[in-house]
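The values are calculated or read from the model by the stated rules, or taken from the named source; none is laboratory data. Quick caveat, the model's predicted, so the values are computed rather than measured. Counting neighbours? That spans all protein chains shown, and the Cβs are built from the backbone with ideal geometry, glycine included. Ligands, DNA and RNA are excluded from the accessible area calculation, which covers all protein heavy atoms including side chains. Shrake-Rupley method; radii C 1.70, N 1.55, O 1.52, S 1.80 Å.
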Amino acid sequence: MSSTSVSAPLSDPPCPDDSHGDPILELEGLYHRWKGPKPPVLDDVSLTLRAGHVTWIGGRNGVGKTTLLRLAAGILLPQRGSVRLGELTPQSKGNLFRRQIGFLSAGDRGLQARMKVTQQLDYWARLAYVPRSRRAALVTGSLQRFALEEFAGRRVDRMSMGQRQRIRLAMAFLHEPRVLLLDEPRNSLDDDGYRLLNEQIEQAARRGATVLWCSPRGEDRVVTCDASYTLTDGHLERVL
Amino acid sequence: MSRMRPWCEAMWAIIRRDAILFVSYRSQIVAQFIGPLFSITLFYYISHVLTSKTIHSPGGYFGFVIVGLVIVQILTISMGVMPVTVRQELVSGTIERFLVSAHGPINGIIGTMLFPLINAIFSGALLLTLAAVIFGLPLATTAVLAIPVALLGTLAFMPFAFFLVALVMAFKQASSVAQFIVASIAIVGGLYFPISVLPGWIRWASDVQPFTPATDLLRHLIVDTPLAHPAGVELLKLVGFIAVLLPAGLLLLRASIRYGQRTGTVAEY
């Protein structure tokens, strides 16, 4: 991960040479158009996410950031273009592709409301095919990394929005994916939560993962980044 | 086996998740146990005023209809609950977990069907037990053989559930279709009355779905109702329906998910 810092939240960071680091996730010529007489939300979007790099994408509401992340995660399939993780694509060997992906959706959805926090994380670890031998350690580690130990036995629907966001983040990071796709990860987090999130992003980058962070506002971006883009009219533009 | 282990563990995780959810609503458990008792009582007294030469069960109409009630119970819980459950997964965003997990959306959705099916079979067994213990329904000595046949029948029902879930994935709603299917099966599958009383023009529908052989076999094994055809033939019919319908149902489900992923509607609700 580069040491470039974003000191002023709303100013654009100087972008270093980001061509180092092996490519992990390659998005090429992505095109997506929603039903109806609208222009495509993504038109020939290409992006390479490299090992150890943190990338930020901004853009106004409804511009297509979430659609791009969903395509990158394999939740949506490209109408044109491709998503590749080495030899893997979401369409072929999809389960191997998805094992490498950690995804955080925007908002506060996707939790099993009446499960306890530990049950929630264990449930996700099993869905992610985390080997039995590592499961307990990774669940415990996730609780610690996002400071959730004191809530481990509490039901999710009895927790605050910020605490729920920490659980959602813990799930995205739990299985140590090579690709982390985060849609507005700072949502509802307090300062401590934000600090924990940044620590985990730095750690993930250090172990060679790539992180893609999307948010509409510059002030929400991660403190350090290797590349910044804005999405406008279906195209990605490098922020200088 | 090592490749199957994570798959089995993920399926177990989904069953456990749904069990946790189910028992967390205690009134739901009570309702599920009390509901069948009212149905049995109702049909017990109806059977007292009914005499029919077309029913040859040793237990009379009560013995005949009780097996139909078991199947209605299984259909209502499995088919009625399935589309609602998947719709809830869409609304709460938990389906996204399947879409980004190694387990994948199809396995995830099949997993969500398992607890309702186990629950439905358990409820059916409870209903039979109540009928035998409280109302003296004479169970045949072959009743225990109904368990493997019920499991086969469940496999035969699953494609219809896949169809309903595929509708939910594509169009976001299927509850009214589920009610229509259960009501249609109750009529042409002979759940409340023998299919021999149906007019000839509709009777063909009894032969082109798996519910009729499943119901006939279960009735034969549980309350000793005579079969129109040898048991082996009925069993072959059931297996044949499974062999044709199950892959077709899975393909339809896969196609509906892929459609949603391409158009972007998979995450809509």
Among what's in region A:129-158 and is in a loop (DSSP other than H, G, I, E, B) and within 19 Å of B:C8 (Cα to Cα), pick the residue that is nearest to the other protein chains (Cβ to nearest Cβ). A:Y129
Which of the following residues is over 21 Å from B:K237 (Cα atoms) and either among the aliphatic types (A, V, I, L, M) or surrounded by 18 or more Cβ atoms within 10 Å (Cβ to Cβ) (or both): B:A178, B:A186? B:A178
Which listed residue is at pLDDT 95 or above, farther than 30 Å from A:V41 by Cα and of a type outside the set (K, R), from A:A147, A:A172: A:A147
Is it the case that B:A161 is over 30 Å from A:F173 (Cα atoms), open to solvent by less than 40 Å² (accessible area, probe 1.4 Å) and not basic (K, R)? yes
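Matching residues to (1) within 11 Å of another protein chain (Cβ to nearest Cβ); (2) in a helix (DSSP H, G or I); (3) open to solvent by 80 Å² or more (accessible area, probe 1.4 Å); (4) of a type in the set (D, E):
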site: B:S2; (1), (2), (3), (4): yes, no, yes, no
site: B:R5; (1), (2), (3), (4): yes, yes, yes, no
site: B:A13; (1), (2), (3), (4): yes, yes, no, no
site: B:I40; (1), (2), (3), (4): no, yes, no, no
site: B:S47; (1), (2), (3), (4): no, yes, no, no
For region A:214-221, does any single residue satisfy the condition of being open to solvent by less than 20 Å² (accessible area, probe 1.4 Å) and among the basic types (K, R)? yes
Only one residue in A:R126, A:R84, A:R114, A:R98 is within 7 Å of another protein chain (Cβ to nearest Cβ), among the charged types (D, E, K, R) and surrounded by fewer than 19 Cβ atoms within 10 Å (Cβ to Cβ), so which one is that? A:R114
Considering only region B:60-129, give the helices (runs of 4 or more DSSP H) lying wholly within it that have at least 2 residues that are within 14 Å of another protein chain (Cβ to nearest Cβ). B:81-92, B:95-99
What is the number of the single condition among (1) modelled with pLDDT of 90 or more; (2) surrounded by fewer than 19 Cβ atoms within 10 Å (Cβ to Cβ) that B:T76 does not meet? (1)
B:I40 - would you say it is within 15 Å of B:N119 (Cβ to Cβ) and among the β-branched types (V, I, T)? no
Test result for B:Y269, in contact (Cβ under 8 Å) with a residue 60 or more places away in the chain, surrounded by fewer than 17 Cβ atoms within 10 Å (Cβ to Cβ), outside any helix (DSSP H, G or I) and of a type outside the set (S, T, N, Q): yes
Exactly one of B:R262, B:R258 is within 14 Å of chain A (Cβ to nearest Cβ), open to solvent by 60 Å² or more (accessible area, probe 1.4 Å), in contact with a Leu (Cβ under 6 Å, 6 or more places away or on another chain) and free of Cβ contacts under 8 Å to residues at least 24 places away in the same chain, and that residue is B:R262
A:R178 vs. criteria without any contact (Cβ under 8 Å) to a residue 40 or more places away in the chain and either open to solvent by 60 Å² or more (accessible area, probe 1.4 Å) or more than 17 Å from B:A10 (Cβ to Cβ) (or both): no
Do we find a residue being closer than 29 Å to A:V130 by Cα, open to solvent by less than 10 Å² (accessible area, probe 1.4 Å), within 14 Å of chain A (Cβ to nearest Cβ) and modelled with pLDDT of 90 or more anywhere in region B:17-26? yes
Hey, A:L49 hits all of (1) closer than 30 Å to B:R3 by Cβ; (2) open to solvent by less than 40 Å² (accessible area, probe 1.4 Å); (3) at pLDDT below 95; (4) away from every other protein chain (no Cβ under 14 Å) but one; which does it fall short on? (3)
B:S175 vs. criteria farther than 30 Å from B:K53 by Cβ, touching a helix residue (DSSP H, G or I) at 6+ places or on another chain (Cβ under 7 Å) and away from chain A (no Cβ under 14 Å): yes
Hey, B:Q209 hits all of (1) open to solvent by 60 Å² or more (accessible area, probe 1.4 Å); (2) not aliphatic (A, V, I, L, M); (3) not in a helix (DSSP H, G or I) but one; which does it fall short on? (1)
Checking B:T225 against (1) within 25 Å of B:V84 (Cβ to Cβ); (2) buried (at least 18 other Cβ atoms within 10 Å of the Cβ), which test does it fail? (1)
Out of B:L139, B:L236, B:L145, B:L151, which single residue is closer than 19 Å to B:S123 by Cα, without any contact (Cβ under 8 Å) to a residue 40 or more places away in the chain and open to solvent by 70 Å² or more (accessible area, probe 1.4 Å)? B:L151
